[in-house]
Amino acid sequence: MPSIPLHTTPATPHQAPVQNPLPQLLHTPSGLALLEIQGTINMPTPPAPPEDGEEDAMEIDPSASHETPIGRIVFPDMQTEDDRKDPTKFKRVYLYVGKHQRLTGEVKKLLKPLGIIRRRDPSLKENDTPNGAWDGEELEIVDIVRWKILFSARPEPVSST
Amino acid sequence: MSTQFTTSIPFSFSHNLAPIRLLELPPALLELLSASESPPILKIKASSGATSSVHSTDNHAVLCTPTQTYSLRQVYSSNSIILLQPSVPLISPPSDDNEDEDTDPLAFLQPSMGLKAVSTAVSYMELVPTIHDAHELLLKHIPLYHGSFDGAMESPTEKVPKVAILSALPISEGEFETAWKKLNCFCCSAGYAHRPSSSAVLAALGEIFTCAAAESFTLSPKDGFAVEALVSIMDDDEEVAIPQGLVDAAVAGVCEEAVAETGRWKLDKAKCASYVGRALLEDWQSKAKGDMLYVSFISRWKSSVPEECVALCKLDCIKGWYTHPTPSTIRFVSGGTPIPAKSSSPSAAAPAPVVTAKNKWHEKFGKGKRR
């Protein structure tokens, strides 16, 4: 029964995002946040390796070929910088998909926080003094998220803005 | 794309999604992770194809904290779970680095940050407190040591080091250690793990008590005695072939630490009487001799304990560990609380019956085969 170590802290300390556009409550040390959609986002092209994916990609700007814009996330009640800290102001969330669809969602506390686990970068192993002995795969908990933005309603049509 | 700073966040989808897993953290684990500055490293143990046939119960992964074990269960969700990370919106030259978007010096110049989906998941892992019974697993996986005190040590068929057993079992180190001690397990001088049979323990105890009496070595000094001192007087006796590990385990069975964590022991009369009584009954049962005559049990019991314990050899102290099939006989029942005398609280006793039932079947089966 092989065992894999699961480090409870990331190998490299988080570099806090310079700016996090989300409300204060949703901030995590790494800047990661959770968004849940009842349904899926159908991408115009499936994520493909850059070599053969590039021709089909919809983007005009070649430098942007590694991501596809979906739309916008809007906190309608949040108008000023101070609102970002006020929990009552970001209960409601809109997710605009493209120009004509809008999903209404809410910020919800997770019943049990979720740890985000990823494979530890093997090149960082030397720096990790107490556990140099492991010679296999290592996992780490990158961050713990306690809130999620949940979109459980079906999209509604909106006119383009 | 957006000009409003606070309310409208550009949202894009990365094509290079990072593989991640989500793990639901139960309160106890969350506390462990957030309480201390340097939380302990957890272990995920997964059975590989090669070993899964050996242990039928553990064909899935477990997560071990130092003292607890959780089963990992994959929970699928019909919802898409998307992991967002602040990133520079698309209109600007995006950085190629997926991990640390914001080291990009250009980020400072951006009027607004966007969000990028960097990972998706359709499932998360749920942690279910363990279903494995450390006691039972150890019973199964640590080879029995019968001992032989006429000079030659009976060599067990399997030789496995302790660490190998620990790593092979889906239980945490803390649970392993507790069960290890409860079963008097020990490592021989070659480093292999053994679980002594009751008769081996009894023989070792007999040696200890005899030697102590012969050398007038007191087993209950005020500040306790060291096992090394005991072993050294036993070494004088040339017939002795008791591994030191077994002496350690036997001493731990009948003694209490004089001062906690010092390794100095002091005879606990009640514990000793109870321990020896149970071992005698269990030994008798394991040899499949049928039920023991009550009178002969009491006389054996009294002759197996040091003098100062004789008065304590009453059935009260092995309550729950025996039945009287007939008024004149006594039979071993492995139903009592595993740790004698002290933990007779119902909460500690609760998990025991499960093991018992299984053990009994196991033993019955074994007996049937031998006949």
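The values are calculated or read from the model by the stated rules, or taken from the named source; none is laboratory data. If you're wondering where the values come from, they're calculated on a predicted model, not measured in any experiment. As a convention, Cβ positions derive from the backbone with ideal geometry for all residues, glycine included, and neighbour counts pool all protein chains shown.
Some values worked out for this structure:
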quantity	calculated
Those helices (runs of 4 or more DSSP H) lying entirely in the stretch B:278-371 with at least 1 residues within 28 Å of B:PRO221 (Cβ to Cβ) and either in contact with a Leu (Cβ under 6 Å, 6 or more places away or on another chain) or at pLDDT 80 or above (or both)	B:294-304
Subset of the stretch A:25-36 that is part of a loop (DSSP other than H, G, I, E, B), more than 9 Å from every other protein chain (Cβ to nearest Cβ) and in contact (Cβ under 8 Å) with a residue 40 or more places away in the chain - its residue that is farthest from B:SER77 (Cα to Cα)	A:PRO29
Of all residues in the stretch B:65-82 being farther than 11 Å from B:VAL128 by Cα and β-branched (Val, Ile, Thr), the one that is farthest from the other protein chains (Cβ to nearest Cβ)	B:THR67
Those residues of the stretch B:167-178 which are among the aliphatic types (A, V, I, L, M) and surrounded by 22 or more Cβ atoms within 10 Å (Cβ to Cβ), in sequence order	B:LEU169, B:ILE171
Counted residues, the stretch A:15-24 - those being more than 8 Å from every other protein chain (Cβ to nearest Cβ) and either closer than 18 Å to B:ILE82 by Cα or touching a Phe, Trp or Tyr at 6+ places or on another chain (Cβ under 6 Å) (or both)	1
Residue match in the stretch A:45-66 (condition: modelled with pLDDT of 80 or more and either surrounded by 14 or more Cβ atoms within 10 Å (Cβ to Cβ) or under 17 Å from B:MET113 (Cβ atoms) (or both))	no
Of all residues making up the stretch B:245-262, the number that are modelled with pLDDT under 75 and either surrounded by 14 or more Cβ atoms within 10 Å (Cβ to Cβ) or touching a Ser or Thr at 6+ places or on another chain (Cβ under 7 Å) (or both)	2
Count of the stretch B:25-39 residues which are in contact (Cβ under 8 Å) with a residue 12 or more places away in the chain and either more than 7 Å from chain A (Cβ to nearest Cβ) or more than 24 Å from the chain's Cα centre (by Cα) (or both)	3
From B:ASP223, B:ASP236, residue being touching a helix residue (DSSP H, G or I) at 6+ places or on another chain (Cβ under 9 Å), surrounded by fewer than 16 Cβ atoms within 10 Å (Cβ to Cβ) and at pLDDT below 75	B:ASP236
Test: residue in the stretch B:4-13 that is at negative phi, within 7 Å of another protein chain (Cβ to nearest Cβ), part of a loop (DSSP other than H, G, I, E, B) and at pLDDT 65 or above	no
